[in-house]
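The values are calculated or read from the model by the stated rules, or taken from the named source; none is laboratory data. What you are looking at is a predicted structure, and each value in this text was computed from that prediction instead of being measured. For neighbour counting, all protein chains shown are included, and Cβ atoms are generated from backbone atoms with ideal geometry for every residue, glycine included. Note: areas computed on protein heavy atoms with side chains; ligands, DNA, RNA excluded. Shrake-Rupley method; radii C 1.70, N 1.55, O 1.52, S 1.80 Å.
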Amino acid sequence: MLRYIYGNELHHFARLRDGMFRDRADQFKARLSWDVSVDANGFERDEYDALNPLYVIWEGRDGRHQGSMRFLPTTGPVMINDHFSHLLNGDTVQSPAIWECTRFCLSRGAQSNVAAGLMLAGGEIMRHFGIAQFAGVFDARMVRIYRHIGASPDVLGSEGEGRDQISVGLWRFSDAARQRVARRAGLSPEVSELWFRRSLGDAAPLRLTA
């Protein structure tokens with residue numbers, strides 16, 4: 001199932017929290033050789049984890065982390081503006097209607113529908129928080145994954161070639177996209193809505209976006 005957890009509430013979900021940070025280390029440091037820091041506990045964390053982001057975590061039937069993403073509003077510090085503005089010719093992305101999505105992580109052996117489930121959860125955040133778009137930095141390997149899910153971004157800028165290419169993109173999430181991604185995730189929109197409400201209740205009242 002999908003859980004929506006703010007950073008200051010992660011201590012209530014210690015098993016999911018630890019699994020997420022360890023799987024991030026495995027994916028980004030061990031498998032992709034990114035320049036990220038891993039601590040003595042084997043956790044990959046950065047300065048944005050200290051800003052009380054909203055995490056989406058797929059919890060497997062065994063209670064373990066299977067995949068996750070991290071969300072922050074672009075009105076505050078975000079990776080795109082702090083580290084990747086050169087992909088936007090020095091411009092920045094700053095709007096209450098745009099949040100940044102980072103650290104898209106899948107555990108080894110994650111179920112095939114987890115990636116689509118995470119994207120569906122991103123759509124729920126958009127719907128309930130009145131967000132028009134998500135912004136994110138992605139590498140070439142993710143292009144095929146987004147295309148398979150049915151949620152490809154509008155590319156704002158890129159650098160590099162082939163497998164080394166990185167890009168900044170913007171995602172929208174129409175009702176048609178929600179239905180399409182839900183099918184890929186093997187979930188009904190009603191179940192997706194229920195899981196969001198179970199995590200956040202009415203703290204984020206539904207505000208449909210265009």
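At-a-glance table
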{"item": "Computed helical MRE - 222 nm, the chain, DSSP H runs ≥ 4 contributing -39500 (n - 2.57), nearest 500", "result": "-9000 deg cm²/dmol"}
{"item": "Accessible-area composition of the chain, carbon plus sulfur, in percent [1.4 Å probe]", "result": "48"}
{"item": "Calculated from backbone phi, Karplus (6.51, -1.76, 1.60) coupling profile of the range 43-48 in Hz, x at Gly/Pro", "result": "9, 9, 9, 9, 5, 6"}
{"item": "Span from the the range 35-56 Cα centroid across to the the range 160-196 one, whole angstrom", "result": "23"}
{"item": "Label of the coordinate-derived value, Rg and Dmax of the Cα atoms in Å, listed as (1) 19.6, 70; (2) 16.1, 45; (3) 21.8, 76", "result": "(2)"}
{"item": "Debye, to nearest 20: dipole size of the chain, +1 on Lys, Arg Cβ, -1 on Asp, Glu Cβ", "result": "880"}
{"item": "Theoretical gain in end-to-end length, MET1 to ASP46 [0.36 nm per residue, Cα-Cα removed]", "result": "13.6 nm"}
{"item": "Listed peptides 31-38, 78-85, 54-61 by packing density, highest first (mean Cβ within 10 Å)", "result": "54-61, 78-85, 31-38"}
{"item": "Peptides 155-161, 42-48 ordered by average Cβ neighbours within 10 Å, highest first", "result": "42-48, 155-161"}
{"item": "FRET efficiency, ALA176 to LEU88 (Cβ-Cβ, R0 30 Å, nearest 0.05)", "result": "0.60"}
{"item": "Å² of accessible area per residue within the chain, as computed with a 1.4 Å probe and no ligands counted", "result": "49"}
{"item": "Segment HIS12-ASP139, extension gain: residue separation times 0.36 nm, minus the distance between their alpha carbons", "result": "42.5 nm"}
{"item": "About the Cα centre, charge dipole magnitude for the range 21-132 (Lys/Arg +1, Asp/Glu -1 at Cβ), debye", "result": "400"}
{"item": "Relative contact order for the chain, counting Cα pairs under 8 Å that sit 6 or more residues apart, in percent", "result": "20"}
{"item": "Packing rank of 186-195, 20-29, 132-141, where each peptide gets the mean count of other beta carbons within 10 Å, highest leading", "result": "20-29, 132-141, 186-195"}
{"item": "Note, ³J(HN,Hα) from phi for the range 154-165, Karplus 6.51, -1.76, 1.60, rounded to Hz, x at Gly and Pro", "result": "7, 7, 9, x, 9, 8, x, 10, x, 5, 8, 6"}
{"item": "The range 17-65 - percent relative contact order, Cα under 8 Å, separation 6 or more", "result": "37"}
